[in-house]
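Visitor: Here's a structure for you.
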Amino acid sequence: MVDALTMLALAFVLIHFGFPLLYYLYLRSRWLNRSWDLVRDPSYRPRVTIVVPTYNEANLIRRKLDDIASQDYPRELVEIIVVDSASTDGTPSIVRGWMESHRDFKVILVEEGVRRGKAFSLNNALRFTSGEVVVVTDADSLWISRDTLANALSWFSDSRVGAVTCLKTPVGDGFASVEKGYRDFYNVVRLGESKKHSTPVFHGELAAFRRDLLVRLGGFPTDIGADDSHTATLIALRGYRAIAADNATCIEPVPAKGYHMWRIRRAQHLIQHFTKTLRLLPKAPKEFKPILLAETWLHLANPWLLLLAAAILLYKALTGSPTAIALLIAGIALLLFKPYRTWITTQIYLITASIRNIWTKEIAWRKQEKACQ
C-alpha cells in the first residue's frame, strides 16, 4: 500500500504536469482556431515611432536599422529613435553614419552617459516620440518579412487594442533546437490567450503600444526586468486588449554562449513581473483574469510542486520505499523524451530564477553574444 507521503508527492506531480497540459489543450481546442473578436483594417497605417535600445551593438545595429528600413511601410510615417546606454564599442558612431546615408528617414540618436537598464532608456526615448504607436525592438532581433511592421500595427485599427507583440521563431546553433521545442508550445499559448482576451507575456523582438497609454501609465516600470510584459499587462488591466498577432513573426536569436544564464535571467524578469502583478489581480477584466491567474500560477507556484515531489520521493527512496524508487527511475528515464526534458529544464530555470531574484534582479546585465541569421 502506498503511504500518505508518497500519495502527496504523486498529487504534486499530477497537478504540476496536469495543470499546464490542460491549460494548453483548453487554449488550443477552444481558442486557437477561433476568429478574432476584433475588427482589423489591413490598410491601417498609423504614425509610428520605433525605439531601439542599444548597448555595445556595433556588430548588429546597422543590420537592425537596415531591417527597419526594409519594411514596406510609408517612410514619412516612420520615426526611429536609437537610445544608446553608454556603449564603449562605437555603436553611436555607426548609427550616425547610417543616419547620414538614410536621410529619407527621421532618426534621433539619444546618448546616455550611464547604463541603468532597458526601461530607463525606453522612458528616456519616450520623451522624444511623436508616433501614435511606439514600437520597441531589440537590436539583435530581425523581423521575418517586409510586412511584419504593417501587420502588427494594423491591429491598432480596432480602438480596443492597446498593445501588440509578435510570435517568435528561434535561430542559432546549439540550443536553438531546444528553444524551438519550448517556443512552439508557448506560441500556441500566447495566441490562444490573445484570442480569448490578452496575453501577459510580451516579446522584446517587437512590442507595440499606443503612445497615449504609455504616457498615462507614466512610461515603463524601472524596478523589474520584464518592462514590456508588465506594461502590456497594465494596459490589459485597463480594459484594452494586449495581443500576440498571428501575422507578425520575428526571429529570436539564441545566445552562442551563456544560454542557461540567458534563460535564467529571462525567467527572473517574468517572475518579477507576475509577482508585481499579484496585487492587481482583483482589478483584471473577467475575460483576462483566468489568463493572468493561470500564468501567475505557472511562473510562481507550479515549478515548486515538482521540486517538493522530487524531494519527498527521494526521501522515501532513501528509506527503502520501492514505489518511490520506481517513480524516480521512471522520471529519470523519461528524460530521454525531448518534450519532457525541455519542460523539466524550464522548471529548473524558474526555480533557479526565483532564488536568484533574492539578491539580484538583473536589470542591467552583462552583454551576451547571440547568433542571428
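The values are calculated or read from the model by the stated rules, or taken from the named source; none is laboratory data. What you see is a predicted model, and the numbers here were worked out from it, not measured in a lab. Every residue, glycine among them, receives a Cβ derived from its backbone with ideal geometry; neighbour counts consider all protein chains shown. Ligands, DNA and RNA are excluded from the accessible area calculation, which covers all protein heavy atoms including side chains. Shrake-Rupley method; radii C 1.70, N 1.55, O 1.52, S 1.80 Å.
Visitor: In whole Å, what is the distance between the alpha-carbon centres of region 18-90 and region 268-291?
Guide: 23 Å
Visitor: Right, another one. L298: accessible area at probe 1.4 Å, nearest 10 Å²?
Guide: 20 Å²
Visitor: To test your reading of the geometry: what angle, between 0 and 90 degrees and rounded to tens, separates the Cα axis of helix 322-333 from the longest principal axis of the chain?
Guide: 30 degrees
Visitor: Would you please give the residues with an amide H less than 5 Å from that of D246, counting only those at least 5 places away or on a separate chain, with H modeled from the backbone geometry?
Guide: The list, which skips near neighbours in sequence, is empty: none.
Visitor: Plugging the Kirkwood radius over Cα pairs into Stokes-Einstein for region 217-373, at a temperature of 20 °C and a viscosity of 1.002 mPa s, what D comes out in µm²/s?
Guide: 118 µm²/s
Visitor: With an 8 Å Cα cut-off and a minimum separation of 6 or more residues, compute the relative contact order for the chain in percent. Spell out each step's value before the answer.
Guide: Working: 667 pairs, mean separation 78.8, N = 373.
That works out to 21 percent.
Visitor: Restricting attention to region 1-37, which chymotrypsin sites (Phe, Trp or Tyr not before Pro) occupy a DSSP loop and are surrounded by at most 15 other Cβ atoms within 10 Å?
Guide: W36
Visitor: Convert 4 °C to kelvin, take the viscosity as 1.567 mPa s, use the Kirkwood radius over C-alpha pairs of the chain as Rh, and evaluate the Stokes-Einstein diffusion coefficient in µm²/s, rounded to a whole number. Write down the numbers at each step before the final one.
Guide: On the way: Rh = 21.7 Å.
Calculated translational D: 60 µm²/s.
Visitor: Turning to a different aspect of this structure: When only the heavy atoms of the protein chains count and the probe is 1.4 Å, how do I108, I224, I325 rank by accessible area, highest first?
Guide: Working: I108 40, I224 10, I325 70 Å².
I get I325, I108, I224, largest accessible area first.
Visitor: Determine the alpha carbon to alpha carbon distance for each of K195/K286; K276/K361; K118/K289; K195/K289; K118/K195 and list only those over 18 Å. If you can, show how the numbers build up before the last one.
Guide: Numbers: K195/K286 14 Å; K276/K361 13 Å; K118/K289 28 Å; K195/K289 14 Å; K118/K195 29 Å.
Violating the 18 Å limit, Cα to Cα: K118/K289; K118/K195.
Visitor: Do any GluC sites (Glu not before Pro) in region 194-298 lie in a loop, going by DSSP, with at most 16 other beta-carbon atoms within 10 Å of their beta carbon, and if so which? Let's see the in-between values first.
Guide: On the way: sites: E205, E287, E295; in loops: E205, E287.
Of the GluC sites (Glu not before Pro), the ones in loops of region 194-298 whose Cβ has at most 16 other Cβ atoms within 10 Å are E287.
Visitor: Could you please put E193, E76 in sequence from largest to smallest accessible area, using a 1.4 Å probe?
Guide: On the way: E193 0, E76 130 Å².
These residues rank, largest area first, as E76, E193.
Visitor: Right, here's the next one. Considering only protein heavy atoms, what is the solvent-accessible area of T352 at a probe of 1.4 Å, reported in Å² to the nearest 10?
Guide: Its accessible surface works out to 50 Å², give or take rounding.
Visitor: Specify the residue with the greatest mean-square fluctuation among S194, S85, S321, computed from a Gaussian network of the chain linking alpha-carbon atoms under 10 Å apart.
Guide: Fluctuation is largest for S321.
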